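Contents: one structure, followed by commentary.
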Amino acid sequence: MNYLFVVRALIVSCLLHGGLTAQQWVRPKPLMDRNVLKTFREIHLEYPLEARENKVQGTVVIGFSVDEKGNVTERHILQSVYPPLDSSALRLFDLILWSPAKLYGKGRACPASENSGFSVTFNARKYKKLINKRGYDQLPQPFTPIDTGNRVYRLSQLGQAPEFDHGATYKTLNDFIYKQVSYPEEAVRLNISGTVRLSLVIETSGLPSNIVVKEAVGGGCTGEAIRVLQKMRWMPGRKDGHAVRTHFELSVKFENPAQLKNKNIPNQTNSGI
């Protein structure tokens, strides 16, 4: 009996120190999937002018701990490059919402020593191209002052809800979506229709972040809805006279052109980020 106990104890020890399979132990990860995270970096990355002028570039690595609910409880610089770049990397990291580590499907706290960290790379040549692609260098500030607490508020908690910035080109949010959506050829071919439902955070910059799919539609519709959402710009939500981060949900309805009376396919162009 003692021998069996020792064997079982050894097995448990191995599982808790790296022997778990992918299905049993999952490290913390952003709520955004990999493709959305890539575009998130492109939209929100700031490369301080001071660092560019001094021709400083490299990869900052951030170590962090996450509790059982996915809240970041501590973060620090594991690999430093240059103080302004370190600060910019931390600012980007602080925008990310996380899914907790999971053990057998249940949320578990994860110390920094148990995850591989988060990397932010600064490359001057690529950043110059990125500025041309997205149309801005430093992040916009459509409303000041800005709440610096980093909390994400619900719409019901705000004094003023976010407002879509349609500019002079579009009349409404729906007009923007209709003119920007390119109905995927695969969805047309397979006669797919449906509504994609997405959740996101509208940042104090008016830019979207942390896009998560709540309801998906096949045939490329979900990806197209995300692409269009990533192009949207907003006047951020306000609370107590400050711009704040706001949780928001948006639905994009796809009706197969073959089923519509006018048989028109929405705008087929794909431009921007």
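Readers should treat all values here as calculations from the given coordinates under stated rules, not as data from a laboratory. Only a predicted model underlies this, so the values are computations on that prediction, with no experimental measurement involved. Using ideal geometry, Cβ is built from the backbone for each residue, glycine included, and neighbour counts are taken over all protein chains shown.
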Where a ≥ b ≥ c are the square roots of the eigenvalues of the C-alpha gyration tensor, would you call region 16-163 rounded, which needs a/c under 1.5, or, failing that, prolate if a/b is larger than b/c, or oblate?
oblate
Where in region 73-105 does the amide nitrogen come within less than 16 Å of the point 7 Å from the Cα of LEU139, taken along Cα to Cβ?
84-98
Taking a crude spin-label model, label points 7 Å out from Cα along the C-beta direction, the GLU185 to GLU53 distance in nm is 4.9 nm
Listing TYR127, TYR104 by rising number of other beta-carbon atoms within 10 angstrom, fewest first, gives TYR104, TYR127
Which of the three applies to region 90-245, rounded, prolate or oblate, going by the alpha-carbon gyration tensor with a ≥ b ≥ c and a/c under 1.5 meaning rounded?
rounded
Stretched out fully, how many nm does the piece from LYS38 to GLU74 gain, at 0.36 nm a residue minus the Cα gap?
10.6 nm
Subtracting the Cα-Cα distance from 0.36 nm times the residue separation, let me have the gained length for LEU103 to LYS129 in nm, one decimal.
5.2 nm
Mean Cβ neighbour count within 10 Å, used as a protection proxy, ranking 93-99, 213-219 highest first:
93-99, 213-219
Given 113-119, 168-174, the highest-first ranking by average Cβ count within 10 Å works out to 113-119, 168-174
Fully extended contour minus Cα-Cα distance, from GLU249 to GLU114, at 0.36 nm per residue:
45.3 nm
Computed from the beta carbon distance with a Förster radius of 30 Å, FRET efficiency for ASP94 and LYS231 to the nearest 0.05 stands at 0.80
Rounded if a/c is under 1.5, else prolate if a/b beats b/c, else oblate: with a ≥ b ≥ c from the C-alpha gyration tensor eigenvalues square-rooted, which is region 96-170?
oblate
Using only DSSP helix segments of four residues or longer, with each worth -39500 (n - 2.57), what per-residue ellipticity at 222 nm results for the chain after dividing by its residue count and rounding to 500?
-8000 deg cm²/dmol
Fewest-first sequence of VAL212, VAL36 by Cβ atoms within 10 Å of each Cβ
VAL212, VAL36
